[in-house]
1. Hey, A162 hits all of (1) in contact (Cβ under 8 Å) with a residue 12 or more places away in the chain; (2) out of contact with any helix residue (DSSP H, G or I) (no Cβ under 9 Å at 6 or more places or on another chain); (3) among the aliphatic types (A, V, I, L, M) but one; which does it fall short on?
2. Does V97 meet the test of being under 20 Å from T261 (Cβ atoms) and part of a helix (DSSP H, G or I)?
3. Kindly indicate which of L94, L128, L106 is in contact (Cβ under 8 Å) with a residue 60 or more places away in the chain, over 14 Å from I267 (Cβ atoms) and among the hydrophobic types (A, V, I, L, M, F, W, C).
4. Could you please find all residues in segment 119-163 being within 21 Å of T335 (Cβ to Cβ), of a type outside the set (A, V, I, L, M) and crowded, with 18+ Cβ neighbours inside 10 Å?
5. Condition first: surrounded by 24 or more Cβ atoms within 10 Å (Cβ to Cβ) and in contact with a Lys or Arg (Cβ under 9 Å, 6 or more places away or on another chain). Now tell me which residues in segment 300-320 satisfy that.
6. For segment 294-308, enumerate the residues that are β-branched (V, I, T) and within 11 Å of N57 (Cα to Cα).
7. Is one or more of the residues making up segment 256-275 at pLDDT below 75, surrounded by fewer than 22 Cβ atoms within 10 Å (Cβ to Cβ) and on the phi > 0 side of the Ramachandran plot?
8. Using beta carbons and a limit of 8 Å, which pairs, at least six apart or on different chains, have the first residue in segment 290-301 and in contact (Cβ under 8 Å) with a residue 40 or more places away in the chain and the second one among the charged types (D, E, K, R)?
Amino acid sequence: MRSSLSYLRWPLITTVAGVALAGWLGYRFTGSTTGLLSFLMIAIVLAVLEISLSFDNAIVNANKLKEMTPVWQRRFLTWGILIAVFGMRIVFPLLIVVIAAKIGPLAAIQLAATDPEEYSRLIHEAHLPIAAFGGSFLMLVALTFFFDQSKEVDWIAKIERALRAAGSVRGMEVGFVLAIILLFVWLLPENRDEQVFMYSAMWGIVTFLAVDALGHILDRWGKAQEASHTAAQAGLGGFLYLEVLDASFSFDGVIGAFALTQNLFLIAIGLGIGAMYVRSMTVMLVERGTLAEFRYLEHGAFWSILILSIIMFGQTMWHLPEVVTGLLGAVFIATAFVNSVMWNRRHKDVAQD
């Protein structure tokens, strides 16, 4: 079995390269040692922010990856990380400005380099639809886990049993999310665009259902092809699901990063460093079977996702610091981890089996 340090090789290499590049950018933009040190510090803080917000993402990724073939596991951990780093941390913020300002990609890059304050303003103006889309998508991700009739283990027993019982009603999770959306539409202040919120949240639901349905279709087709040794599409559904899931998780970090700096390139460096650590955590969880070893860890992750989805809806009305989001998620996961260790000690024979 690989040592724990071996999983950190590429993240550490990325950290050294990223910090060096951040220092160069700091000196390039400010021309001073103070600016250089400031950029270094911001890059490190952004990396920590990304890790704290995405640890639950790593757990959910590991849960899905263990169901995929080794070939598709490798594809997600190579191509997937490229899409996550370059797609969501660089292309996504640019795409927002391209749509909001109705300018070309090259003009958006020039705007980010020459007028970062205006660039940041455009990003924050797009926060309402982003939060609505991400909130509804992530809420469905969490509720699908808790409403699953085949789930046998409960952590917060009374609540999880009630949710699983509610899951016996077909489409209950979608109805629950729709009710939450209507509640927030009612709560939105008059100066907020209710129609944009509603449409964006609905697109979050439609995207989840479409990706989930496509995943089932492709996976069934892939399994049928395995019999003839041509499983080219096996696991594609899971791959697409994980990419959309990663995108939804990234919304919060990308938007929150602009509270620390308006420099797009520095944001990409900091969040990219953090994404590499998340990837390594995912690999370790899969290879070491940590989810099976710690009984409630997965539950903690999905509770964290549910809380995150509610916070994303709440951010359409109030400013909630990203550190709050990260700490809440960390508390749920840490508590689930401790409870898992305690359960293993009380049931040593069962845990060993």
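The values are calculated or read from the model by the stated rules, or taken from the named source; none is laboratory data. Predicted model, so just to flag it, every value in this text is computed and none were measured. Quick reminder, even Gly has a Cβ in these numbers, built from the backbone with ideal geometry, and neighbours come from all protein chains shown.
1. (1)
2. Yes; evaluated as a whole, the condition is true for this residue.
3. From the options L94, L128, L106, the qualifying one is L128.
4. F145, F146, W155, E160
5. Of everything in segment 300-320, just one residue is surrounded by 24 or more Cβ atoms within 10 Å (Cβ to Cβ) and in contact with a Lys or Arg (Cβ under 9 Å, 6 or more places away or on another chain), namely T316.
6. Residues of segment 294-308 that are β-branched (V, I, T), as a first pass: 305, 307.
Hit for segment 294-308 is I305, nothing else.
7. no
8. As it stands, the answer is L291/K66; L291/E298; H299/D154; H299/E160; G300/D56; A301/D56, since those pairs meet every condition given.
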